[in-house]
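Enquirer: One structure, pasted below without further comment.
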Amino acid sequence: MPNQKKLFLRALAGETLPTPPIWLMRQAGRYLPEYRATRGEAGSFLDLCYNPDLACEVTLQPLRRYDFDAAILFSDILVIPQALGQHLAFKQGEGPQLDPIRDQAGLTRLNIDGIHDVLGPIYETVAKLSSAIPEHTTLIGFAGAPWTVATYMVEGKGSKDFANIRRFAYGDPDGFAKLIDILVEATTQYLLAQIKAGAEVIQLFETWGGVLSENGFHRWVIEPTCKIVQNIKAEYPDMPIIGFPRGAGLHLLDFKNLTGVDAVGLDSGVPLKWVAENLQKLGPVQGNLDPMYLITGGDEMLAETRRILTTLGNGPFIFNLGHGITPETPPENVGKLVDFIRNGG
Ligand code: 1CP
């Protein structure tokens, strides 16, 4: 059992630990001056994602400062549409831009056959990380879940109302299912290649699942996630998979029961007593400090952290944020948070 010492894997296997393992979503990023320096060296954000040496370097940067229990591959969920042939650019300060696919006819622009040619450097980053991270650190590979990736493919950018994709999914479900099927297949292949390269845990980010209707959530979040989990477990039955269905609310139990994920990531809005009495009985949970507490960083942050530790600490638990860390976060507040948790809260 070579990995049994890794706290993160023990928590994912269902163990209740006196001090939970900790990592933070988007732990590598613009709040760190050393990230900004490496990013400047790389050129664009996408150049950084496809440069194995520099992507490895920025993944390691937060570990050097905070000795997190997990490293997450530095990449982005939008490399999948790009690998499928959809044009992608990150304009400075504006977020992602893609040529939108608004209907079934637009799917002819996608081609799954060459994805590994584009994604190869990312597998190389995983392999480098696998030997570069400390022995007690776990390597997380990741992908966006199909619905969330599709929101960017259909909207063409970040969205507030998701009107185009909801219109496509509700108005032409058979046509939209073809897009989701392509994403299930591409995501499966992408994650299997990350695992072959050394990823020890997989996280699926479903950032925008909360905008769907009840039936939509089942059809476009739960079903595709379930297929990806089954595909991965068919080849790697013991691979731990974390699902992060942000905004899932009352769907959380169905999400856990029906998808087959091992652990569930919680956003900051989920009532924790309910989680402890229901969801956590079914498996490990991860979360859920509101990232804005890290900006103020005072006693309020510590009190909220204590509330989370007290409520979820009696079952299998991984400490994290409820969403990604923001660029305005003072790095010293992250240090304060980690010390507080490791000193028993
Ligand atoms: O340097 C920069 O200016 C780019 C900022 C940035 C970073 C650091 C983007 C653009 N992506 C990333 C890295 C990233 N993205 C990681 C790496 C590892 C880590 O966690 O340390 C991960 C896991 C993601 C995942 C991701 N990208 C998600 C899911 C998680 C979440 O935060 O909800 C989403 C929705 C994206 C899309 C994306 N990429 C980047 C931006 C600004 C966005 C959001 C666009 C929007 O909808 O507003």
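Enquirer: Count the lysine pairs in the stretch 7-342 whose Cα atoms sit under 15 Å apart, keeping only pairs 8 or more residues apart in sequence or on different chains.
Expert: Summing the qualifying lysine pairs gives 7.
Enquirer: Another question, then. Is the shape of the stretch 174-286 best called rounded, prolate or oblate, per the rule: a/c under 1.5 gives rounded, else a/b larger than b/c gives prolate, else oblate, with a ≥ b ≥ c the square roots of the Cα gyration tensor eigenvalues?
Expert: The shape class here is oblate.
Enquirer: Oh, and also: How about the stretch 105-159: which GluC sites (Glu not before Pro) there are in a DSSP loop, with at most 16 other Cβ atoms within 10 Å of their Cβ?
Expert: Answer by residue number: Glu135.
Enquirer: Of all GluC sites (Glu not before Pro) in the stretch 10-117, which ones are in loop regions per DSSP and have a Cβ with at most 11 other Cβ atoms within 10 Å?
Expert: Passing both the DSSP loop test and the Cβ count: Glu94.
Enquirer: Right, next: Starting from the amide H of Glu206, placed 1.01 Å from N in the peptide plane, find each other amide H under 5 Å away whose residue is 5 or more places distant or on another chain.
Expert: Ala145, Phe244, Arg246
Enquirer: Oh, and also: Hey, if you drop one equal point scatterer on each alpha-carbon of the stretch 7-342 and run the Debye formula without solvent, what base-10 log of I(q)/I(0) do you get at q = 0.06, 0.07, 0.12, 0.14 Å⁻¹?
Expert: One equal scatterer on each Cα of the stretch 7-342 leads to -0.19, -0.26, -0.82, -1.16.
Enquirer: Placing unit charges on C-beta atoms (Lys and Arg positive, Asp and Glu negative, everything else neutral), compute the dipole magnitude of the stretch 7-342 about its Cα centre in debye, rounded to 20.
Expert: In debye, rounded to 20, the stretch 7-342 gives about 380.
Enquirer: Loop sites only, by DSSP: take the trypsin sites (Lys or Arg not before Pro) in the chain that have at most 16 other C-beta atoms within 10 Å and name the longest stretch containing none of them.
Expert: 161-345
Enquirer: For the chain, what proportion of DSSP beta bridges, expressed in % and rounded to the nearest 5, is antiparallel?
Expert: 20
Enquirer: So if each residue of separation counts as 0.36 nm, and I subtract the Cα-Cα distance between Val118 and Asp67, what length gain in nm does that give?
Expert: The span from Val118 to Asp67 would gain 15.2 nm if fully extended.
Any read-out appearing in this document is the output of simple, stated calculations on the displayed coordinates, not a laboratory observation. Computed from a predicted model, the values in this text were never measured in an experiment. Every residue, glycine among them, receives a Cβ derived from its backbone with ideal geometry; neighbour counts consider all protein chains shown.
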